[in-house]
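So the structure is just underneath, and the comments pick up after that.
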Amino acid sequence: MLFDKADLPPSPKSELRQPVAPPALGADATQVVLFADGGCEPNPGTGGWGCVLGSGAVCRELGGGEADSTNNRMELMGIIAGLEALKRPCRVLVASDSQYVVHMMTDWINGWSRRGWSRQATKHKPPENLDLVQRLARAALRHQTTWHWVKGHAGHAENERCDRIAAAMIRAVVASGKAAMDQRVPRTVAAPPAEGLPGAVVWLTQEERGSWGAG
């Protein structure tokens, strides 16, 4: 089964300054489109995230929420959950309406890694949500990922679906009184198309000892 909860790969232990490239995938590698969204009501406050994974003619929907979170943490969790649910390395097109996440994964993250997870070169200033940032980096390294920003609330069916899942999870967390919860719902429908979603291919690198930390 392709879509399943997968353990995080171990953090790289090498002390060498060398790139950590995604796995080499053959022409027959599974192609996946991952849409995700998340938010809080209010922010910070009760949060929810939603994810839709599409491959071939099959979709899988994932949702989760937390009683105390932020918009950005929920945006990160939606993508993390999707990537971690893939049981084997895949070519993954990630579509998100969060400029924060897309800019982070296509621009900022390699600089943060080179500086030992600091946003500044002269003063150690860790990125916000470092635990989830490192967790997302490790999850992305298992796959060949391409990242694309989509405008939110602009009529994109799968993005809107993720938004509705996230909102439903906020309501579910409030109703349950639990600190956190998640659910995974299979859906056998036409997978979301990848056409019209070009993006920047990311090759993350580990360039500092212990760069990935223990997210």
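The values are calculated or read from the model by the stated rules, or taken from the named source; none is laboratory data. Computed from a prediction, not measured in an experiment: that's the story for all the values here. So basically every Cβ, Gly included, is an ideal-geometry build from the backbone, and we count neighbours across all protein chains shown.
Observations
- In segment 105-137, the residues that are surrounded by fewer than 21 Cβ atoms within 10 Å (Cβ to Cβ) and of a type in the set (D, E, K, R): ASP107, ARG114, ARG115, ARG119, LYS123, LYS125, GLU128, ASP131
- Selection within segment 71-115 - in contact with a His (Cβ under 6 Å, 6 or more places away or on another chain) and over 27 Å from ALA167 (Cβ atoms): PRO89, CYS90
- Every condition in (1) surrounded by fewer than 19 Cβ atoms within 10 Å (Cβ to Cβ); (2) out of contact with any strand residue (DSSP E or B) (no Cβ under 9 Å at 6 or more places or on another chain); (3) at pLDDT below 75 is met by ARG184 except one, and the failing one is (2).
- Residue in segment 85-108 that is of a type in the set (Gly, Ala, Ser) and closer than 16 Å to ARG135 by Cα present: yes
- Against the numbered list (1) of a type in the set (Asp, Glu); (2) under 30 Å from GLY26 (Cβ atoms); (3) touching a Lys or Arg at 6+ places or on another chain (Cβ under 8 Å), ASP97 comes up short only at (2).
- Residue list for segment 141-176, restricted to those being more than 17 Å from the chain's Cα centre (by Cα), farther than 24 Å from GLN31 by Cα and in a helix (DSSP H, G or I): ARG164, ALA167, ALA168, MET169, ILE170, ARG171, ALA172, VAL173, VAL174, ALA175, SER176
- Those helices (runs of 4 or more DSSP H) lying entirely in segment 54-140 with at least 1 residues touching a strand residue (DSSP E or B) at 6+ places or on another chain (Cβ under 6 Å): 71-85, 99-103
- Residue in segment 20-37 that is over 14 Å from VAL133 (Cα atoms) and of a type in the set (S, T, N, Q) present: yes
- Criterion (surrounded by 14 or more Cβ atoms within 10 Å (Cβ to Cβ), under 24 Å from LYS178 (Cβ atoms), under 17 Å from the mean Cα position of the chain (by Cα) and modelled with pLDDT under 95) met by exactly one of GLY54, GLY50, GLY39, GLY78: GLY50
- Taken over segment 138-163, the criterion of being surrounded by fewer than 15 Cβ atoms within 10 Å (Cβ to Cβ) and either touching a residue at least 24 places away in the same chain (Cβ under 8 Å) or at positive phi (or both) is satisfied by LYS151, HIS153, GLY155, ALA157.
- Filtered by the rule that a residue be within 25 Å of GLY56 (Cα to Cα) and under 11 Å from the mean Cα position of the chain (by Cα), segment 94-111 gives VAL94, ALA95, SER96, VAL102.
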